[in-house]
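K.L.:
Just dropping this structure here.
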């Protein structure tokens, strides 16, 4: 890289790191001892740090990095490996600003695969990211082998810098959504490089009305829905923005809806989500547009302004592009699970479900063949990161397979 460009790159991790070290170090073996030990050390430090232990997103990250989970990933990786798997090489991660911790999952999965890594962080200030960067720097000190194969950087939008890293990498990971993907794809990769893109997605929740009304732990269920929705103010691609009520009895459906949303309002009153005034104004303008552009719309705004419901009479009126998050929920009634096919779209990623068996859901997927949908999980697990994401089996996408025949 030209010296005048290198001076524009700010290295956040490791402190005092050499920006050129990642380009000339030998790659490591998948799930090497150092990578596992570093993940375990970071997990412990996040849970013990006075700041990060009070940040739910970072606590969830710490639990994902606990030793048992990492060894489960390692064992599953080797169990499913029919051929010899080697690192792809140098991975360049471009991460979004709206989900604070996604970069660390991307980084560590790539590190577990033995790759060297460059992570471009957003320049927007975020307290969770800043705290995580601090603990990363504290944790990496004991792992020089990894420190020289990893840099977390920031730089203002600069096409020459992005073009340079794109040309040098063997794997490019673009997490920023449709517009970011279009912008970054202008910069060519080397002929043998691989690219994984994570486009704008939309997610929803589906509940069986009768099962909900009979459920004995409604508050616990609604608390899980709150976490799925409000941890990132619905900005995560897997956070529900639409709620589908499944049942033929409209009176019961109304009863279930009123009970569910009243319990959610109590959760909001107790937990007080952090939604900026500008975001609330954006939500207000969005709900006005829904009211103007959609027929037979019933809208209800809770007294706290952190919860807005828009009930749609017709599944054809679901406008995903208009949705802005920040406590705005669309909802529709459908008669059966099979009717969900009329709701789903190719952009849909995660469905959080309640009241349906695995067999029912598998039958629906197998018979209806939705064009979208990559995950179906219980309430409370919308944000739980998995090594299979957006249809990619990431550990295998981040490695290359070597066949040996004698």
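K.L.:
Tell me, what is the FRET efficiency for residue 163 and residue 29 to the nearest 0.05, using R0 = 22 angstrom and their Cβ-Cβ distance as r?
P.N.:
0.10
K.L.:
In nm², what is the average projected area of the convex hull enclosing the Cα atoms of segment 101-174?
P.N.:
Computing the convex hull of the Cα atoms and averaging its projections yields 5.2 nm².
K.L.:
Can you order the peptides 223-230, 312-319 by their average number of other Cβ atoms within 10 Å per residue, highest first?
P.N.:
223-230, 312-319
K.L.:
Please order 398, 299 by the number of other Cβ within 10 Å, starting at the fewest.
P.N.:
Starting with the residue having the fewest Cβ neighbours, the order is 299, 398.
K.L.:
Using 1/(1 + (r/R0)^6) with R0 = 22 angstrom and r between the beta carbons of residue 47 and residue 67, what's the FRET efficiency to the nearest 0.05?
P.N.:
0.95
K.L.:
Using only helices, what value at 222 nm comes out for the chain when you add -39,500 (n - 2.57) per DSSP H run of length 4 or more and divide by the total residues, to the nearest 500 deg cm²/dmol?
P.N.:
-12000 deg cm²/dmol
K.L.:
Further, regarding this structure: Relative contact order of segment 50-203: what whole-number percent is it, with Cα pairs under 8 angstrom and at least 6 residues apart?
P.N.:
Value for segment 50-203: 23 percent.
K.L.:
Here's another thing I want to ask about it. How far is it, in nm, from the label point at residue 335 to the one at residue 2 when both lie 7 Å from their Cα along the line to the Cβ?
P.N.:
Placing both labels 7 Å beyond Cα along the Cβ direction yields 6.6 nm.
K.L.:
When 209, 133, 402 are ordered from fewest to most other Cβ atoms inside 10 Å of their Cβ, what list results?
P.N.:
Ascending Cβ contact count within 10 Å gives the list 402, 133, 209.
K.L.:
Rounding to the nearest 10 and keeping the result within 0 to 90°, find how far the Cα-based axis of helix 159-168 lies from the longest principal axis of the chain.
P.N.:
Compared with the principal axis, the helix lies near 70 degrees.
K.L.:
Can you list, largest first and rounded to whole Å, the semi-axes you get for segment 1-146 by taking the square root of 5 times each eigenvalue of its Cα gyration tensor?
P.N.:
23, 22, 13
K.L.:
Mind pulling the angle between the C-alpha long axis of helix 250-271 and the longest principal axis of the chain? Nearest 10 degrees, somewhere in 0 to 90.
P.N.:
The helix 250-271 is inclined about 50 degrees to the chain.
K.L.:
Could you state the principal axis extents of the C-alpha atoms in the chain, from the largest down, to the nearest angstrom?
P.N.:
Each principal axis gives a Cα extent; for the chain these are 67, 54, 43 Å.
K.L.:
Rank-order 21-34, 74-87, 341-354, 138-151 by packing density, defined as the average count of other C-beta atoms within 10 Å over each peptide's residues, highest first.
P.N.:
The most tightly packed comes first, giving 341-354, 138-151, 21-34, 74-87.
K.L.:
A further question on this structure: Return the Rg/Rh value of segment 202-378, two decimal places, where both radii are evaluated on C-alpha atoms and Rh is the Kirkwood radius.
P.N.:
So for segment 202-378, dividing Rg by the Kirkwood Rh gives 0.93.
K.L.:
Relative contact order for the chain: what is it in percent, counting Cα pairs under 8 Å that are at least 6 residues apart?
P.N.:
Once normalised by length, the contact order is 18 percent.
K.L.:
Now for a different question. Could you tell me the distance between the Cα centroids of segment 250-267 and segment 331-406, to the nearest Å?
P.N.:
Each part's Cα centre sits 26 Å from the other's.
K.L.:
Pop a pseudo-label 7 angstrom from the Cα along the beta-carbon direction at both residue 292 and residue 369 and give the gap in nm to one decimal.
P.N.:
4.1
K.L.:
Contact order normalised by length for segment 202-378, with contacts defined as Cα pairs under 8 Å and 6 or more residues apart; what percent is it?
P.N.:
Contact order relative to length: 30 percent.
K.L.:
Between 0 and 90 degrees, rounded to the nearest ten: what's the tilt of helix 102-112 against the longest Cα principal axis of the chain?
P.N.:
Approximately 50 degrees, to the nearest 10.
K.L.:
Please state the shape class of segment 47-131: rounded when a/c is under 1.5, otherwise prolate if a/b exceeds b/c and oblate if not, all from the C-alpha gyration tensor.
P.N.:
Because a/c hits 1.5 or more and a/b fails to exceed b/c, segment 47-131 counts as oblate.
Quick note: the coordinates plus some simple rules give every number you see, no bench work behind them. From a predicted model like this one, the values you see are computed outputs, not experimental measurements. With ideal geometry, Cβ positions are generated from the backbone for all residues, glycine too; neighbour counts draw on all protein chains shown.
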